[in-house]
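Here is the structure we will look at, set down as structure tokens.
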Amino acid sequence: MCWFEAQRFKAYPFEIASGIFSRVAEVFLYGAFWVVVGQFSPPGAINAQDIVGYYLIITGLTPFFYSGFGIAGMTVDMIRTGELSQTLIRPISPIVTPWAMRTGRNLINLSFGLLQVVVGIFVSGGLRSQALPFLIPVLLNTAALNASFNILIGAVGFFTTDGRNAKNAFLHLATFLRGEKMPIYLMEPHFAHILMLTPFPASLYHLAILFHGNYLPEWGDVAIGSLWAAALLFVSIKVWKLGLRKYEAIGI
Amino acid sequence: MSNVLRGFSLAFAAFREQARAEKAHIGNFWFGVLSKLIYNTMFLLFIDQLYARVGHFAGYSKNDFLFLYLTSQLGFYICYYGIFFPMQRLVQIVRNGNFDLLLLKPVPHRSFMYIQGMQPYDLIFTAAPSVAILAFLINWGTLQITLGSLLLGLVVWTSGIVICNTIVFVLALPVFKTGDATDTLSTFYSISSIGQMPYSHLPGFLKIAALVVFPQIIIAGAASEVMLMKADMIGVTTLIATVAVVSIFAVNLLWRYALRNYTSVSS
């Protein structure tokens, strides 16, 4: 299914070009913004190179964990159009199918994301030996939290046919709170402490700073992330099952 | 006179049809309001955290930056609902063949397409709360704006929207050649992802790139800079207005080229 979805790039070469152009444009604009802020703000306040490296890493990681909630959007669309019924009558998992389809469609983003992470590591210094013990738990947290966000937002489609903007609303919230617009280590300490109590930093920020190399998460924050990951995964699957039951009763 | 009245009546009918279609999805409408409120709240938090860190940058105080952000959002909403959506509709109707029907109608085709495609209901009702909150947060008394700078700034802002229209049309153009432009058109989100940069402080190549690729920098950065008298007002306005006029000629030529291309293969 993933390979089938990726075939569209062959049919429309403009899609490859525009996919690459989109990523380059975004990186370029954010990079330019931070360079201008770094250059024209009081000395020492902002290190543009540090932030550009961080930005490359965190946005490069996004497609690997579906943190743009594209799977959620696709699930909402499948429910709204009735395409989910076709998945349900086949011997395939209705949760995994959008994942496979999205991976195929995301091929350009995944390739460019990998390149971004490599360049970001090169720019900012990269993974250090002290970060290695954190790697497995932080990776697990990131994967579990993003999976549960995608399932949970996707399940909104079972309860309202107009869930597309719900996904957008959540994405806007997550983008700032997980440190994608601005690194959390640059925020005011009391605000950063409050953020660490939410599931968002563990959903991407912790992994980004591990690859960035200049900062490490605290074990307490990683533990909070693990608690959130377990709880949200449980809740999201429950909500999905509840929605699916409702859909099977009236949807097919 | 009767032609003008007929034009208005047609435009109103197309407008009303689109507004009805938007109102049909009321859940999406409310989530849309919520989405914009959240986006703006998050951006305000971003500005708050940024200024807590830097104090000021490039001559912009926090209040100036809020004004820049308001200018940016107003322009973005107009480009998004008034330009991007009609282009999205253009791509759809070319793909499903309905463009033929539009060409058969005795109406000014391009104007009709824009009016029918824009989302007035969403533009007014979902964007208004966010814009009102932003306007409320600005301390208008401390902004350095004169009537002249405001007018010149409005010229720059409008020119930015005109340039944006040309760029978005170029992004939709592949549909006439290859049969699809969904992804090329989606790059609109990337090229308008951030424009809150003071135009005169940008390096030369980025100033040029703003004129031909990143119109949001003109709409936000250049327009607010001129309004706040932080740049060479006459120089910046002349340059950007000239580019806007050139872009109007360019978009007219491209429209004719697209029509020629479409009519030669579709019938």
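The values are calculated or read from the model by the stated rules, or taken from the named source; none is laboratory data. Values in this document were obtained by computation on a predicted structure and should not be read as measured data. Counting neighbours? That spans all protein chains shown, and the Cβs are built from the backbone with ideal geometry, glycine included. These accessible areas exclude ligands, DNA and RNA; they are computed on the full protein's heavy atoms, side chains included. Shrake-Rupley method; radii C 1.70, N 1.55, O 1.52, S 1.80 Å.
Observations, loosely collected:
- Shielding of peptide B:173-182 by partners, expressed as the average count of other chain Cβ atoms within 10 Å per residue Cβ, is 3.
- Axial C-alpha extent at least 27 Å, average Kyte-Doolittle at least 1.0 - helices from chain A (DSSP): A:13-39, A:132-159
- Per-residue Karplus couplings for region B:90-98, computed as 6.51 cos²θ - 1.76 cosθ + 1.60 with θ equal to phi - 60°, are listed in order as 4, 4, 4, 6, 5, 5, 9, x, 5 Hz, Gly and Pro entered as x.
- The order of the peptides A:22-32, B:158-168 by mean Cβ neighbours within 10 Å, most packed first, is B:158-168, A:22-32.
- Averaged over the residues of B:206-216, the number of partner chain Cβ atoms lying within 10 Å of the residue Cβ comes to 2.
- Remark: mean inter-chain Cβ contacts per residue of A:181-193 equal 3, using a 10 Å Cβ-Cβ cutoff to other protein chain atoms.
- Burial ranking of peptide ranges B:64-77, B:97-110 (average Cβ count within 10 Å, highest at the top): B:64-77, B:97-110
- Within straight-line reach of B:K230, meaning a Cα separation under 20 Å, sit the following aspartates and glutamates at least 8 residues removed in sequence or on another chain: B:D64.
- Over region B:2-266, accessible surface divided per residue gives 43 Å², non-protein components excluded, 1.4 Å probe.
- Cα-Cα pairs of chain A separated by more than 27 Å (percent): 41 percent
- Efficiency of FRET between B:H56 and B:Q144 - r from beta-carbon atoms, R0 25 angstrom, step 0.05: 0.95
- Distance between the modelled labels on A:Q39 and A:Y215, one decimal in nanometres: 2.5 nm (7 Å Cα→Cβ projection).
- Of A:K181/B:K177; A:K167/B:K207; B:K105/B:K177; A:K167/B:K105, pairs whose Cα-Cα distance is over 30 Å: A:K181/B:K177; A:K167/B:K207; A:K167/B:K105
- Buried area at the A-B interface (accessible, heavy atoms, 1.4 Å probe, summed, Å²): 3900 Å²
- Using a Gaussian network model of chain B in which every pair of alpha carbons under 10 angstrom is joined by a spring, one finds that among B:M42, B:M197, B:M229 the greatest mean-square fluctuation is at B:M42.
- Three-way shape label, region B:176-256, alpha-carbon gyration tensor, a/c 1.5: oblate
- Sequence-distant aspartates and glutamates (8 or more away, or on other chains) whose Cα lies within less than 19 Å of A:K241: A:D77, A:E83
- Considering all different alpha carbon pairs of region A:21-153, the Kirkwood hydrodynamic radius works out to 17.0 Å.
- Binned Cα-Cα distances of the protein assembly as shown, short to long, each 10 Å bin given as a whole percent: 4, 16, 27, 28, 17, 6, 1, 0
- Sorted on the mean count of surrounding Cβ atoms within 10 Å across their residues, most packed first, peptides B:251-257, A:122-128 read A:122-128, B:251-257.
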